[in-house]
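**Student:** Handing you a structure now.
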Amino acid sequence: MKNWIRNILLLGGSISVLIVTPGCTTGLAQQWMQDSPAQAQEALMEATQEPEATPSPETTPWVGSKEMEAVVEQPQGPLSPSGKSYAYYDTVEPTYIDGVLLVNKEYALPSDYGDGADPEAYQALQQLQAGARWAGYSMPMLSGYRSFDYQDELYNDYVMADGRDLANTYSAWPGHSEHQTGLAFDVGRISMQFANTGAGQWLARHAHEYGFIIRYPAGKEDITGYQYEPWHIRYLGVDLATKVYESGLCLEEYLGVA
Ligand SMILES: [Zn+2]
């Protein structure tokens, strides 16, 4: 801003000299030529003082505009494992796509979101467990709702044990865990071998009948951001879970955000 004004004023001064000079050697023209540098100097003095009283556009967000959002989302204070500030999670809004709550490495939940398992999802889980039992399998729930703070501790424990790169393949950053939705559960056994057991195969074939999908399928690691987790199920309701199951797509693909 300051340089812009100065350049215009200096240019203006130069132009006034050029305009009166050609073919005009009267005393008036000479007077202009002598006065111009002084006028320019005076104007420059004013210009260099003015910016103090004129806020620049960069620091004057318009309320309700995109500029305002951009300012709010600037990292401030300590950074969380996602690279965003912890303060970001005070104000971030949950993302719904076609009415489906989507949480992944891109879409986050606010830190105060959730206070336990979603009642409808939990009831569906109990029906799934009953169905598994009927088929001869045990399907214990190993993990359900997790708060932001608990996920923060858990993730950092995994980083201590396995390093950040490996932890990122299987543990969510706080604010990015589907467990915070209250709609996700880990069942059966937390082991890759679970996929080869009768219980794991029953879960893969029947979870949608109870409203659940295997949220992190094999072969979709690049899209979901996580390794195959044959034990992690996400509640969507029977209709949608069945559609996603029959599509062969992961949730991001099905919702068109892959
Ligand atoms: Zn899980």
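**Student:** Can you list the HN-Hα couplings for region 81-87, worked out from phi with the Karplus curve (6.51, -1.76, 1.60; θ = phi - 60°), rounded to whole Hz and with x for Gly and Pro?
**Tutor:** After applying 6.51 cos²θ - 1.76 cosθ + 1.60, I find x, 6, x, 8, 6, 4, 4 Hz.
**Student:** Continuing with this model, one more query. Amide H neighbours of Ser85 under 5 Å, at least 5 residues apart or on other chains, H built in the peptide plane: list them.
**Tutor:** Gln76, Ser80
**Student:** Assigning unit charges at the beta carbon (Lys, Arg +1; Asp, Glu -1) and nothing else, what dipole magnitude in debye, to the nearest 20, does region 119-254 show about its Cα centre?
**Tutor:** The calculated dipole for region 119-254 is roughly 500 debye.
**Student:** Mind pulling the per residue volume of the convex hull built on the Cα atoms of region 119-254? Å³ is fine.
**Tutor:** 99 Å³
**Student:** To the nearest 20 debye, what is the magnitude of the charge dipole of region 189-258 about its Cα centre, counting +1 on the Cβ of each Lys and Arg and -1 on the Cβ of each Asp and Glu?
**Tutor:** The dipole magnitude comes to about 220 debye.
**Student:** I've got another one for you. Starting at the first residue of region 231-247, write each ³J(HN,Hα) from the Karplus equation 6.51 cos²θ - 1.76 cosθ + 1.60 with θ = phi - 60°, in whole Hz, x for Gly and Pro.
**Tutor:** Karplus values, whole Hz, x for Gly and Pro: 9, 9, 10, 10, 7, 10, x, 4, 4, 5, 4, 5, 5, 5, 4, 6, 6.
None of the figures in this text is laboratory data; all of them are computed from the coordinates on show. Worth saying up front: this structure is predicted, and the values here are computed from it rather than measured. Every residue, glycine among them, receives a Cβ derived from its backbone with ideal geometry; neighbour counts consider all protein chains shown.
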